[in-house]
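The values are calculated or read from the model by the stated rules, or taken from the named source; none is laboratory data. Just so it is clear, the structure is predicted and the values come from calculations on it, not from any experiment. When we count neighbours, we look across all protein chains shown, and the Cβ atoms used for this are built from the backbone with ideal geometry, even at glycine. The protein model used for the area step is the full one, side chains on, heavy atoms only, and it has no ligands, DNA or RNA in it. Shrake-Rupley method; radii C 1.70, N 1.55, O 1.52, S 1.80 Å.
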Amino acid sequence: AFAQDFYDLNTIQEIRINNNPYSVEYPRWSRRRVEVITKSSADAYHGTLNLLLRDYRLNARDALAATRPQEQRRIVEGSLFGPVGNSRNTSFLLSAAREQEDLVAVVFAQGPRGAVLQNVPTPQVNSVASLRLSRQFNDKHAMFYQYNFQDRWQNNQGIGGTVLPEAGTQSRFREDEFVVNHRAIVSAKLLSQFRILIGRYWAPIRSNQNAARVVVTDAFTGGGAQADRLSTEFHASITWLVTQTSGKHTLKYGINIPDWSRRGLSDRSNALGTVSYASLADFN
């Protein structure tokens, strides 16, 4: 999930890249693996805030648009980490970002009453956040709890060209994850790491209009989008890894359940049907 991998650059202490694609430690083949280790935040409070704005007034005019589409992009991102209260053993890390795009689709179609030329707003919003609480019990035991969140929605998708606004869709993707990680130094040569992840996602797509889809070749597409569907998933993963050092050798062994999930799909696409016409004259 994107929210799980979102970190502010100022919170990163070390990045490790494993180029061995066949390591048995991981559940599947991969060209590379990137491990991000964040800084200890039990000493003081640190934070960052970044703002980005892009406005349509600096864009070139679209050749098929009567006026310049009023598009704008806004990004706000930041992080805050430090101790919880006066504790030197408990700390937190909060990272969040929100990206908003006010995009515009250009419609140039031929309807029963003549040409259809208009700019249609197609806004998009993507929000991600991650909150981690870390606890260092002693020199040998440490735990952290982490919650990851992502919420993305898009309106008027699929519109543009000969597709009218009524034939667009609204989509959303919402994902929540909860992670628990425990690290224990059993001895000077033995390290135990246990991790469990529980998550869910919910991704509906809804048509702007509940009606049959009407397709007129080389003229317009109207009616309903007929793209209604709902995807869901509840999943969990469990990893227990033991690392042992012996002289010049390092051994890793443990248990890994990479994905234990229940997935659902309710597909109601084309439930009301699609009516097609070879030309605008046939439609009239």
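Among the residues that make up region 216-237, is at least one of them free of Cβ contacts under 8 Å to residues at least 12 places away in the same chain, out of contact with any strand residue (DSSP E or B) (no Cβ under 6 Å at 6 or more places or on another chain) and surrounded by fewer than 17 Cβ atoms within 10 Å (Cβ to Cβ)? Among the residues of region 216-237, not one is free of Cβ contacts under 8 Å to residues at least 12 places away in the same chain, out of contact with any strand residue (DSSP E or B) (no Cβ under 6 Å at 6 or more places or on another chain) and surrounded by fewer than 17 Cβ atoms within 10 Å (Cβ to Cβ), which makes the answer no. Just one of the listed residues (S79, S95, S91) is modelled with pLDDT of 85 or more and in contact with a helix residue (DSSP H, G or I) (Cβ under 6 Å, 6 or more places away or on another chain), and it is S79. Only one entry in A203, A184 is more than 30 Å from V107 (Cα to Cα) and in contact with a Ser or Thr (Cβ under 7 Å, 6 or more places away or on another chain), namely A184. Inspect all residues belonging to region 252-274 and state whether any of them is closer than 23 Å to F108 by Cβ and either assigned to a strand (DSSP E or B) or at pLDDT below 95 (or both). Taking every residue of region 252-274 in turn, at least one turns out to be closer than 23 Å to F108 by Cβ and either assigned to a strand (DSSP E or B) or at pLDDT below 95 (or both).
Annotation: N210 fulfils all but one of (1) surrounded by fewer than 19 Cβ atoms within 10 Å (Cβ to Cβ); (2) part of a strand (DSSP E or B); the unmet one is (2). Would you be able to say whether some residue in region 42-53 is surrounded by fewer than 16 Cβ atoms within 10 Å (Cβ to Cβ), in contact with a Pro (Cβ under 8 Å, 6 or more places away or on another chain) and modelled with pLDDT under 80? Within region 42-53, one or more residues are surrounded by fewer than 16 Cβ atoms within 10 Å (Cβ to Cβ), in contact with a Pro (Cβ under 8 Å, 6 or more places away or on another chain) and modelled with pLDDT under 80. Among the residues making up region 73-87, those that are open to solvent by 50 Å² or more (accessible area, probe 1.4 Å) and assigned to a strand (DSSP E or B) are R73, R74, V76, E77, L80.
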